[in-house]
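Every number here is computed from the coordinates shown, using simple stated rules; none is lab data. Worth saying up front: this structure is predicted, and the values here are computed from it rather than measured. Methodologically, a virtual Cβ is constructed for each residue, glycine included, from the backbone with ideal geometry; neighbour enumeration extends over all protein chains shown.
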Amino acid sequence: MIIDQDARGPGSTDQQSILLLIQAPQTEVLGITVVSGDQWRDEEVAHTLRTLEIIGRTDIPVVPGAIFPLVNSREDVERWEKLYGKVVYKGAWNPGYRPDPYAIPPMPEGAPTTKPSAEDAAHFLIRMVHQYPHEITIYAGGPLTNLALATALDPEFPRLAQELVFMGPIINPGPADPEFYQAPRRGFNCWWDPEATRIVFRSPWPKITVTTIDISIKTDLTKAMIGDLAKSGSPVAQYVSKYTHGGYMWDELAAEAWLDPSIVTKEQFLYMDISLDRGPSYGDTLAWPAGSQPGLGEQRVHIIDEIDNAKLDRLFMELMTRPTPPAPSK
């Protein structure tokens, strides 16, 4: 598999999903491609390199990808907010977050000594699926810019993957969290780069599975779980217990539901797209049952609707406390 991630660090749902997928005995992580989103790309790359150093897996290449969305920009978002109201979470565009996309601030976990790949994410993704046709799962935990660029360069890229697993859309979250109740179709990973999301959603993947914000906000990395991790001698558990933000298990859920489908207790299939209307719906998730879609290239998407939270938590703790698998022999 390849992990494509807006790898905020240290800790966070982004780094924790990376760790889960590396820790799983049934996976071989060929690389981690990094895209701006929760933070700017270069800082995320540095955090990912350091994570791999801490757990002893510097054999996994970290490949820098897109810094900016294809079209969307901070200025566009500020204009949109003046017309239609404030966006609660804007990732690297959040007020107070550093405006320089290339600066790397002091890192609590220490700066890495290893270096990222000299290859860019789009070309790495293309090269890997041609090297291992129909064998690679692409796990996307951030905005989809890297995947859209790879598809633009090589339209065969999606078809040559085994499947796409994506955390990001939102359909009907209900009133549990006011942020999403007020914006029931605005999922950050789709909204940051809507044009890239459109490209990816309309590409011919053999299979697309998504976990939505609707179900993610029903998860919780609790203080009790973090306390139990702190008791483990595993470098992974120690890293997570020290740096995690806790709370919703956004990307961990997407990773674990793919690793162990028995976690999923209810699912459905919908056709999915993204709104590119430059008005109030720009970046909103669109979804239709079969037969209702407009037929403009939307793909059939496997949607996870409900999960077994106890199984989710158990698998998380099991993987985070087990010994880290060694690098595969070449």
Debye log10 I(q)/I(0) at q = 0.12, 0.21 Å⁻¹ for the range 194-330, Cα point scatterers: -0.63, -1.18
Computed Kirkwood radius, in angstrom, where 1/r is averaged over Cα pairs of the range 1-145: 15.9
Taking the range 257-313 on its own, what percent of its Cα-Cα pair distances exceed 12 Å? 70
In whole Å, how far is the Cα centre of the range 238-258 from that of the range 31-80? 17
Mind pulling the per residue volume of the convex hull built on the Cα atoms of the chain? Å³ is fine. 130
Of the cross-linked pairs 86/218; 218/266; 82/218; 86/242; 231/311; 115/207, which ones have a Cα-Cα span greater than 23 Å in the structure shown? 86/218; 82/218; 86/242; 115/207
What is the log10 of I(q)/I(0) for the range 92-205, computed with the Debye formula using one identical point scatterer on each Cα and no solvent, at q = 0.18 Å⁻¹? -1.05
Taking +1 at the Cβ of each Lys and Arg and -1 at the Cβ of each Asp and Glu, which of 321, 217, 247 sits farthest along the dipole of the range 216-330 towards its positive end, judged by Cα position relative to the Cα centre? 321
Along Cα→Cβ, 7 Å out, is where each label goes; now give me the distance between the ones at residue 268 and residue 329 in nm to one decimal. 5.0
For the pair residue 159 and residue 302, how long in nm is the line joining their label points, each one 7 Å along Cα→Cβ? 2.2
Highest-fluctuation residue, 101, 143, 64 considered, GNM on the chain with Cα pairs under 10 Å: 101
With 5 Å bins from zero, work out the P(r) of the range 1-76 over every alpha carbon pair and list the percent per bin. 3, 18, 28, 25, 13, 7, 4, 2, 0
For residue 318 and residue 26, compute 0.36 nm times the residue count separating them, minus their Cα-Cα distance, and round to one decimal in nm. 103.7 nm
Assuming 0.692 mPa s and 37 °C, estimate D for the range 31-73 with Stokes-Einstein, Rh taken as the Kirkwood radius over Cα pairs, in µm²/s. 301
Counting only DSSP beta bridges fully inside the range 2-321, the antiparallel percentage to nearest 5 is 40
Hey, got the dipole for the range 159-235? About the Cα centre, +1 on K and R Cβ, -1 on D and E Cβ, debye to the nearest 20? 220
Would you kindly state how much longer the chain becomes between residue 123 and residue 281 on full extension, computed as 0.36 nm times their sequence separation minus their alpha carbon distance, in nm to one decimal? 53.7 nm
What is the Cα radius of gyration of the range 71-152 over 2.2 N^0.38 Å, N being its residue count? 1.48
For residue 59 and residue 131, calculate 0.36 nm times their separation in residues minus their Cα-Cα distance, and state this gained length in nm to one decimal. 24.1 nm
Given +1 on the Cβ of Lys and Arg, -1 on the Cβ of Asp and Glu, and no further charges, what dipole in debye does the range 2-321 carry about its Cα centre, rounded to the nearest 20? 300
